[in-house]
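Peer 1: Okay, handing you the structure first.
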């Protein structure tokens, strides 16, 4: 709809024909046309224009109007890649506009085929906003200004609003801007490392971060989104093997080099879900459900035994960088809170604490779900779970389900994308790569209509 309105406005103002065409001199007489004066412009503006060649020697240059999906992706990618090189105020303004647009899309009623479409997730999202605002007025207002609270509210709700938007929209993400963003990540990572050298983090040398924060985690999450986006583009048939390897191999290498293990687990979750859908087609739903249940029970049993008795000196807390110990500390904190604080939290930012495990600095719980309970309360956690559950029920596309599985995996294991709004937008936008809902998934990555 946005693209149609913008296209119509441009045509009305400038009397542009549809489509925008250019006839080289001599084309109607069958002569060989001279070198087109707009060729350099077409080369430079290849992102903004689609070029299609009809019956020679006639050329057609069609203006592409970016829809809201691509605009949101480009704004988020620009914020991620250029935040270090732009004024902080400008970067915050971009993030605020993206978040506000997504929140409005998540709250406003949806209209489909001229009719009002009921989406329970919008109600759950509204519950989260109202509950968080209530906690502010009754508990947080004495030490946080209204502007500061509104900014933080947009920040923590942006990723959740993006889940609702990208799982619902019929718009598609343009391929070229996405590929340029992915290639720019690789280039910037190498340039920053060449300029500043390797980055020491946790006693390990890693490539220098290319995002605005002086830590490797945002760079790892951005590269993870790029790798999964490249995989989806190849599965959709939007790019060939050469382009997929050209982008995917250096991105995968950087992901390994940054050593952000949460991103590894997110990629594994994405691949495993796609593999499960492929297996399901071969086994049938009943055998598959039984096998999946037995496998899940076995995994939970092994994890329980490792946590209870250890495994050859294996220390789960040390392996998780202290996360499991911090989780237990946070759960103990929640249990001993007053009922009102359990229900509505103690305000955005209150999860940053100095604890016995991480005694050297104030850190959050490194678990998005625990963070929401502490800052926004059990009411908001329940609303978030309902949003995620309703989203999964709506999705028929295994690729989109795999993207959601990766998102939840990261949030369960660390302070993942629900706490990194613009990176979440970049990642969730991959669901809009030529999405084909209500079709059967084939392991080769093709889509075929249902028979019968």
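Peer 1: Only one of 328, 316 is farther than 24 Å from residue 133 by Cα, surrounded by fewer than 16 Cβ atoms within 10 Å (Cβ to Cβ) and at pLDDT below 75. Can you tell me which? Break it down stepwise before answering.
Peer 2: Working: 328 fails: at pLDDT below 75.
Testing whether each residue is farther than 24 Å from residue 133 by Cα, surrounded by fewer than 16 Cβ atoms within 10 Å (Cβ to Cβ) and at pLDDT below 75 leaves just 316.
Peer 1: Given the condition in the same structural domain as residue 105 (by TED's automatic domain parsing), within 30 Å of residue 120 (Cβ to Cβ) and either surrounded by fewer than 17 Cβ atoms within 10 Å (Cβ to Cβ) or modelled with pLDDT under 95 (or both), answer yes or no: does some residue in segment 172-182 qualify? Even if it seems obvious, please write down each step before you answer.
Peer 2: Let us first name the residues in segment 172-182 that are in the same structural domain as residue 105 (by TED's automatic domain parsing), namely 172-182.
Add one more test, that the residue is within 30 Å of residue 120 (Cβ to Cβ), and what stays is 172-173.
After this cut, where a residue has to be either surrounded by fewer than 17 Cβ atoms within 10 Å (Cβ to Cβ) or modelled with pLDDT under 95 (or both) as well, the list is 172-173.
Among the residues of segment 172-182, at least one is in the same structural domain as residue 105 (by TED's automatic domain parsing), within 30 Å of residue 120 (Cβ to Cβ) and either surrounded by fewer than 17 Cβ atoms within 10 Å (Cβ to Cβ) or modelled with pLDDT under 95 (or both), which makes the answer yes.
Peer 1: For segment 189-203, state whether one or more residues are at pLDDT 90 or above, crowded, with 20+ Cβ neighbours inside 10 Å and assigned by TED's automatic domain parsing to the domain that holds residue 408.
Peer 2: Checked against the condition, which is being at pLDDT 90 or above, crowded, with 20+ Cβ neighbours inside 10 Å and assigned by TED's automatic domain parsing to the domain that holds residue 408, segment 189-203 yields at least one hit.
Peer 1: Test of understanding: among 279, 239, 247, which residue is under 30 Å from residue 216 (Cα atoms) and in a helix (DSSP H, G or I)? Give the derivation first.
Peer 2: Working: 279 fails: under 30 Å from residue 216 (Cα atoms); 239 fails: in a helix (DSSP H, G or I).
Of the residues listed, the single one that is under 30 Å from residue 216 (Cα atoms) and in a helix (DSSP H, G or I) is 247.
Peer 1: Okay, moving on. With a cut-off of at least 3 residues that are out of contact with any strand residue (DSSP E or B) (no Cβ under 9 Å at 6 or more places or on another chain), in contact (Cβ under 8 Å) with a residue 24 or more places away in the chain and over 23 Å from residue 71 (Cβ atoms), name the helices (runs of 4 or more DSSP H) lying wholly within segment 95-210.
Peer 2: Working: elements: 120-135, 146-166, 175-196.
Answer list for segment 95-210: 120-135.
The values are calculated or read from the model by the stated rules, or taken from the named source; none is laboratory data. Since the model is a prediction, treat every value here as computed from it, not as a measurement. Every residue, glycine as well, gets a Cβ built from its backbone with ideal geometry; the counts of neighbours run over all protein chains shown.
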